[in-house]
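This report refers to the structure that appears directly beneath it.
Any read-out appearing in this document is the output of simple, stated calculations on the displayed coordinates, not a laboratory observation. A quick note: this is a predicted structure, and the numbers were derived from the prediction, not measured. Please note: Cβ atoms are built from the backbone with ideal geometry, for glycine as well, and neighbour counts cover all protein chains shown.
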Amino acid sequence: MPGPDAGGWAVTGGGVAGGGWTDYLNPFWSERHLLRSPFGPEECAERLRGRVMPTWSWRRLLLGPGDARAWGSVSSRGFRIGKSIRSHNGFQTIASGRFRPDPMGSAGTVLEVRLGLPRGAILTWLFWLGILGLVAVLLSVGVLHTRADAGGAGRSLAGGLVPWAVPVLFFAVLGWCRWFARDEGAFLLWMLTDVLRAQEVPPEEAAVMPR
């Protein structure tokens with residue numbers, strides 16, 4: 001499939017729910033979709049804005065999502081939305097994208113949609129994983145040297161592995177949160193197509209569509 005240099009759009013799909021278990025443990029998981037709506041960019045933004053509760057709304061922060069199906073931000077240029085849930089999940093699936101006139105000359109709007117994890121959550125997770133990984137290395141080396149000097153070779157190996165339990169736990173938490181968010185990508189795509197009466201552009205057409 002032609003890449004960006006060839007002028008087309010690389011469209012990926014499948015979703016976490018359709019992928020292997022490794023997708024749940026991948027903080028860089030993402031997929032891209034191209035949607036076409038019969039409405040203009042301004043009307044698309046207005047329609048979507050009416051269904052999305054602002055991220056920093058006092059009502060959302062204090063009372064929860066209520067009847068709102070999604071939260072996020074919408075402007076005339078694009079959007080960044082997530083599914084409203086009553087519990088907290090820092091690793092929700094986020095749909096972000098842009099509105100732009102259809103480059104094929106048809107009336108309407110093309111939406112460039114990316115599904116993925118919140119960048120802030122990824123950076124925070126990587127930061128603490130790096131810190132804890134470094135601590136685990138230092139502790140493992142210290143335990144191995146200390147117990148080896150004491151003559152406990154077998155116990156030193158087992159003790160050296162114990163500090164790695166925390167980094168492993170970090171991946172377990174990521175996988176647990178992503179499992180709870182497994183259907184959010186499909187929901188967000190459904191919401192965009194429903195509110196904007198959009199249809200997904202087939203990959204073969206997206207590959208030759210001007211950027």
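Quick notes on this structure:
- Long-range HN-HN contacts of residue 201 with modeled amide H, under 5 Å: 34, 35, 36
- Karplus (6.51, -1.76, 1.60) ³J(HN,Hα), θ = phi - 60°, over the range 124-139, in Hz, Gly and Pro reported as x: 5, 4, 5, 4, 5, 5, x, 4, 5, x, 5, 4, 4, 4, 5, 5
- Highest mean first, the peptides 86-93, 106-113 sorted by other C-beta atoms within 10 Å per residue fall in the order 106-113, 86-93.
- Label-to-label distance, residue 127 versus residue 43, with points set 7 angstrom from Cα along the beta-carbon direction: 4.4 nm.
- Given R0 = 45 Å, the distance between the Cβ atoms of residue 138 and residue 87 translates into a calculated FRET efficiency of 0.80.
- Derived scalar couplings between HN and Hα for the range 26-41 equal 9, x, 9, 4, 7, 8, 10, 9, 10, 10, 10, 10, x, 8, x, x Hz in order, rounded to whole Hz, by the Karplus curve 6.51 cos²θ - 1.76 cosθ + 1.60 (θ = phi - 60°), x for Gly and Pro.
- Here the Karplus relation 6.51 cos²θ - 1.76 cosθ + 1.60, evaluated at θ = phi - 60°, turns the backbone of the range 96-107 into coupling constants of 10, x, 10, 9, 8, x, 4, x, 7, x, 6, 5 Hz, with x for every Gly and Pro.
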